[in-house]
Amino acid sequence: MSAAVTGIEKYEDFVKSHGVLLAASGLPQPLHRKLFQKLTAETFDGGKYFHVEPVEDGRQRRLVMTADFLGKDSEVFLVDHAWTFRLSDAYKQLQEVPGLVERMASLMCVDADLNLEAEEPGEEDDTKPSATEIVEKEFCKVKEEGIHSVRWLELEDLEIDDDMLVSLDLPSKFPQLLALSLRGNKLKNSEIVVKVVADFKSLRALWLNYNPVLKTGLLTEFFLSSDNYLEDCILLNCPELEIYNSRFTPKYGEWALGFCGGLYDKDSPGGSYQSDHQLLSVTSLDLSNRCIRNLITKAFSPFEMPTLSYLNLRGNPLNENSVGELLKYLRGFINLTELEVDIPGPLGENAVDIIEALPSLSLLNGITTSKILESEKSIVDSMVKPCLPELNDGESLIDRVVNAMWLYLMTYRLADEDKIDETSVWEHNNDMHHVVLVSFSLHKKTSSSEPAGGQYVMDELGSALRHSDEANFRVSPFLYMPEGKLESALLNPLAYKNVQKCDECTRDYLFGIGEDRQRSARLTAWFHTPQSYFIKEYEKYSMKLLSKKFSPLPVMPSGTNSLLHSDGSVLHVYTDIPQVEEFLTRPEFVITTEPKNADIVWTSVQVDEEMKKAVGLNDQQYINQFPFEACIVMKHHLAETVQKAHGAPMWIQPTYNLETQLTQLIGDYYTREKDGVDNLWILKPWNMARTIDTTVTQSLSAIIRLMETGPKICQKYIEHPALFKGKKFDLRYIVLVRSMNPLEIFLADVFWVRLANNTYSLEKHSFFEYETHFTVMNYRGRLNHMNTPDFVKEFEQEHHVQWLDIHLRIKQMIRSVFESAAAVHPEMHSPTSRAMYGIDVMLDSHYQPKLLEVTYCPDCTRACKYDTEAVTKGGCVVKGSDFYNYVFGCLFLNETTNVSPL
């Protein structure tokens, strides 16, 4: 579609309708006309200047310059979009759009090892042996060849539960076992696991990763008694154990080092009768991420490993040795020429100091030591390895693409057809010359009220641009409007320094983002950054939270009075909420259309000093909001308020403000990954309702990349919620606040349940299904209303619980939330404020309440629409039409009808 056909015929018209976009792109003015010419002709000529070639053994591609030279401000190129989509539609599109998944798999380099014929229907391999079959086969070998013939046993992902583990009778069948892997099974009972494992007297390595028996820990009040208890029991009963869940134990020695040095594996497990000094032949040793605290041991010594030339110590605390002790000890390895270690880290803060202390080194973190000494860089970690897509056997092509796409996605966002986000992501850089790559991806205007926007993947040429901190190219979005109105075609300008033939073309994935916006942490989306640094920061943060102690506020006598005038005159109410106008029918209140004439202003918009001045409000009028209430109604402030008061209470999931706490979140993620426990997270915008821009994911790259669509919190997902007939649900409570000092809060006797439509699942494809993982169906999906008394009755029958016990815990939690606000933000109190808040609560599988969010001026459609019984008040019927009557009665007349004090 040419511009001439669609309405833009002249360059001047193009500049007039795209002036803001051109400025925002950072494209130099001399290239504007050339951009227009290529847009009108749809000229894609990048192939004449660039070549795409494979790297990293075919698991990545890079873009190489084939032209001799590109001069300053000399050229502009267009790049097509290979795929444009909304995140929620990604999986479905990959399933349904012909050829899409194949193209994406090729572009993302995830199809190299796949035998596509194996994916044909009816040809799947269902012959995987069961745990019993594997054990019996190995036991036959023991009976034929003796007890030393089986010393390594892998029973992974075989659905082994506690009863089956006992019935397998592994210790009596394999008494000389050295290594046992039970990863990915269903073991839950720590006592059973310890009892079975304790019978292996020669065990050197044990893997229990990804079993329910490994509970999450560090951010709970009871973390010292969960994972650590199990580990302590196992180490106590297995005196020879050197590796536990991939980590070295304090007793690690020759076997663990030999395992990491490639001496020992399933085919060659070692044994009791091996000769001494087995490590003499080890020249390369990768000890990364083994949780080693003491490196100076008898086994790890220059005497035992005299030929060691490569050593990787990344991700280990080594906190039982001083910097000086470690450097002196490592100097004894006279053949050590290559070292990888976190900097700053256990060997010190300065790369130059490490090199001077270890003169035999020629490479430090992949960089030649001479180059480091010349540059005098103190911190050297520029050779971090890229995150390459994981290729797992049996995984479908679609799953591989979904896992890999976060390394390639770009993002755009539009408000509506008349308004765009004019914030320039890419600022003009005078040191860079400019080339533009433009891609066409026209979108129809949607009927949704949500902001238009989504993700896209550039074509093979654009996607081959790899990252560099010193990039020679630049990519930024450009929105083409060929008819003078926005049709959301997306253009990608690309800028460069002088580039010669055969140079690799790179871009800065985080152009314009510095350390003040967590640049190094954000690069974790694409690179293997030092895990130990993030884990250390997380542990400090975790300990700080756990050190918090909070004393509940005493319940004080009421300090508020009824607003009724002594002469009996009515109270005038201004409101912009139709339900209040319709259902506030008490004679004490009269609706007025003039805010300045009202005694009470009940509004859905924020009332600040500017608004007060504009509409003529005064300080004697009562308003349905408290000063600084953002401390509870904005999600990042809510978490911060609770953490400042309580630390890490059980009733709120671990929560991170990604704008300021990304480092700690990454450390938490890595810790859970090492422990083999659940790592499912939910991302929520700071201040959006109705689950807009909310995502469930277990991908760290996804978490970091989704920061690009706006400020968010990242919260540990409640992966095991209480279910109702197999479906997820949450509860909406209404809280009325008369005063913050003293604290006077009331809970409406009526609450309601919100149900998901689909059966709950943790199957990874379900994370794209809104009606499986979310419960707010008022605005999308199919709303299934259920009367609260019916829900409570059926829930009690299904789960054999008493709802009043649950209700008591919920009441205690809600009071704790407002106590947090009162303690942390005493400035929130105002004598002329009265407010109503919605509290969203979920129950976990142990029926413990979890706070989801606090909502200002909540949607009360169902409260007004349905009559229901107050299940916690003896079953009295509360009419929906009276909802605002008793809300206003409580807040302004000091009544307690249909509410309960907290």
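So here's what we get for this one:
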item: Where a residue in the stretch 552-564 is within 22 Å of F888 (Cα to Cα) and its partner, wherever it lies, is small (G, A, S), with Cβ under 9 Å and at least six apart; result: S558/S739; G559/S739; T560/S739
item: Matching residues, the stretch 755-773, being touching a Lys or Arg at 6+ places or on another chain (Cβ under 8 Å) and touching a residue at least 40 places away in the same chain (Cβ under 8 Å); result: F768, Y770, T772, H773
item: Test: residue in the stretch 20-31 that is exposed (fewer than 13 other Cβ atoms within 10 Å of the Cβ) and outside any helix (DSSP H, G or I); result: no
item: Restricting the stretch 523-554 to residues that are closer than 21 Å to A823 by Cα and hydrophobic (A, V, I, L, M, F, W, C), the residue that is surrounded by the most Cβ atoms within 10 Å (Cβ to Cβ); result: L545
item: Answer residue from the stretch 229-264, given it is of a type in the set (F, W, Y) and outside any loop (DSSP other than H, G, I, E, B) and is modelled with the lowest pLDDT among those; result: Y229
item: Hits in the stretch 710-747 (condition: among the hydroxyl-bearing types (S, T, Y), more than 19 Å from K764 (Cβ to Cβ) and in contact with a strand residue (DSSP E or B) (Cβ under 6 Å, 6 or more places away or on another chain)); result: Y733
item: Criterion violated by P557 - all others in (1) under 30 Å from S739 (Cα atoms); (2) buried (at least 16 other Cβ atoms within 10 Å of the Cβ) satisfied; result: (2)
item: All strands (runs of 3 or more DSSP E) inside the stretch 465-518 with 1 or more residues being modelled with pLDDT of 85 or more and within 17 Å of G26 (Cβ to Cβ); result: 504-507
item: Index of the failed condition, L808 passing every other in (1) surrounded by 15 or more Cβ atoms within 10 Å (Cβ to Cβ); (2) among the hydrophobic types (A, V, I, L, M, F, W, C); (3) closer than 26 Å to G889 by Cα; result: (1)
item: Output for the stretch 77-106, where each listed residue is of a type in the set (S, T, N, Q) and either loosely packed, with under 14 Cβ neighbours inside 10 Å or assigned to a helix (DSSP H, G or I) (or both); result: S88, Q93, Q95, S106
item: Top-ranked residue of the stretch 659-708 - restricted to ones that are of a type in the set (D, E, K, R) and buried (at least 19 other Cβ atoms within 10 Å of the Cβ), ranked as farthest from S542 (Cα to Cα); result: R705
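The values are calculated or read from the model by the stated rules, or taken from the named source; none is laboratory data. Remember, predicted model here, so these are calculated numbers, not experimental data. Methodologically, a virtual Cβ is constructed for each residue, glycine included, from the backbone with ideal geometry; neighbour enumeration extends over all protein chains shown.
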